[in-house]
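Chemist: Provided herewith is a single structure, encoded as C-alpha cells, for subsequent inquiry.
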Amino acid sequence: MERIKLTLEYDGTNFCGYQVQPNKRTVQAELEKALYSIYNMEVITYASGRTDAGVHALGAVVHYDEPKEIKNKRVADSINAFLPDDVKVVKAERVGSDFDARFSAKRKTYAYKFYLSRTERPLYNNKALRVNEEVDVCKMKEACKYLIGEFDFTSFVARKSGKTNFVREIYSADIIQTGEKEFEFRICGNGFLYNMVRIIMGTLIDIGKGLKLPRDMKCVIDGKNRALSGKTMPPYALYLLNVEY
C-alpha cells in the first residue's frame, strides 16, 4: 500500500465547499467517487484544509492510501477520467507514509481578487469582487505590513469557528496589481482561521475607502474584537493558491 499525494485545481462556483456533506455536491465527494470508480472500493481522502462554498483552488493538496496499485501507474490521468470538468488533479505523487496533507503543511497562500469598476464585469462573475468606489490601493498596501508576524487574530475570525487558539503567523501580505484596475490581495501564513482572509479583505477595503487609516490595522489586531474589523467579503473571489511542505 502506497500513499498518494494529489494537487487539485477546482472552480468552486458549483460546489458546496470541499468537505463531504449529506445531499450536497462537494469536491471531496466527487474525488472519492472517482477513486471508487478506479479501485472498486471506498477510498477515504484527507485534505490540507477545507474551503467554503464558492471558494476556488489552484493548489489544494489531498492524500490517500492506495488500496491497490493502478496498473498503468498514471494516477492523475486515471482519476481525471472520472472527475467532472470543474475539478481536476494537476499532479499526483507517491510519498512516504509519514506525509499528511493537513499536519505536514508548513505554509498556505491565498489570494483574494478584486477589480475597480462602476459596472459589473460579466467575465468576473463568481471569480472576482467588484469594488464600486475608487479605493486607495497604496493605503491598502501599507496596511498589509501590519499583518506580518505572529499575532492573535481573534478580530478576524467568524464567531462560529469553534476554535480556541487564534494565534497564527503571517509570512507575507500584499496587494498586487494584475491588470488595469485589477488586483489581488495575496497572503501567506502557517494557517488560517475560519473566514480570516475574507474578513481581512473587508478591513482592507474599509481602509482603502478612507473609513480607517492604514495603522488602524494594528489597532484592530491588538483589540482582539470582531466588531473592530470589516465585513466578511463573499467567497467567490477567494483562491487557495498553494500549500507548502
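Chemist: Residue pairs, Cβ under 6 Å, 6 or more apart or interchain, first in the stretch 205-229 and touching a residue at least 24 places away in the same chain (Cβ under 8 Å), second part of a loop (DSSP other than H, G, I, E, B) and of a type in the set (A, V, I, L, M). List them.
Modeler: Pairs found: G208/V135; K209/V135.
Chemist: Of the residues in the stretch 123-156, how many are in a helix (DSSP H, G or I) and among the hydrophobic types (A, V, I, L, M, F, W, C)?
Modeler: Of the residues in that region, 8 qualify.
Chemist: Okay, moving on. Return only the number of the condition from (1) of a type outside the set (S, T, Y); (2) under 25 Å from N125 (Cα atoms); (3) buried (at least 18 other Cβ atoms within 10 Å of the Cβ) that V62 does not satisfy.
Modeler: (2)
Chemist: Check the stretch 157-164 and report whether any residue there is surrounded by 18 or more Cβ atoms within 10 Å (Cβ to Cβ) and outside any loop (DSSP other than H, G, I, E, B).
Modeler: Among the residues of the stretch 157-164, not one is surrounded by 18 or more Cβ atoms within 10 Å (Cβ to Cβ) and outside any loop (DSSP other than H, G, I, E, B), which makes the answer no.
Chemist: Let me ask something additional. Just for the stretch 109-136: of the residues that are farther than 16 Å from Y10 by Cα and of a type in the set (A, V, I, L, M, F, W, C), which one is surrounded by the fewest Cβ atoms within 10 Å (Cβ to Cβ)?
Modeler: This residue is L123.
Chemist: Right, something else. Can you tell me which of F15, F82 is out of contact with any Leu (no Cβ under 9 Å at 6 or more places or on another chain) and not polar (S, T, N, Q)?
Modeler: Only one candidate qualifies: F15.
Chemist: Between residues in the stretch 126-138 that are over 27 Å from A53 (Cα atoms) and residues that are exposed (fewer than 13 other Cβ atoms within 10 Å of the Cβ), which pairs lie under 8 Å by C-beta distance while being six or more apart or on different chains?
Modeler: Qualifying pairs under 8 Å: D136/G210; V137/Q177.
Chemist: One residue is enough: does the stretch 149-160 have a residue meeting the conditions touching a residue at least 12 places away in the same chain (Cβ under 8 Å) and under 18 Å from L213 (Cβ atoms)?
Modeler: yes
Chemist: Moving on. It is to be established whether one or more residues within the stretch 46-56 are closer than 23 Å to N190 by Cβ and among the hydrophobic types (A, V, I, L, M, F, W, C).
Modeler: yes
Read the figures in this text as sums done on the coordinates, not as results from a lab. For clarity, every value in this text was computed on a predicted model and none was experimentally measured. Heads up, the Cβs are rebuilt from the backbone with ideal geometry, glycines too, and the neighbour counts pull from every protein chain shown.
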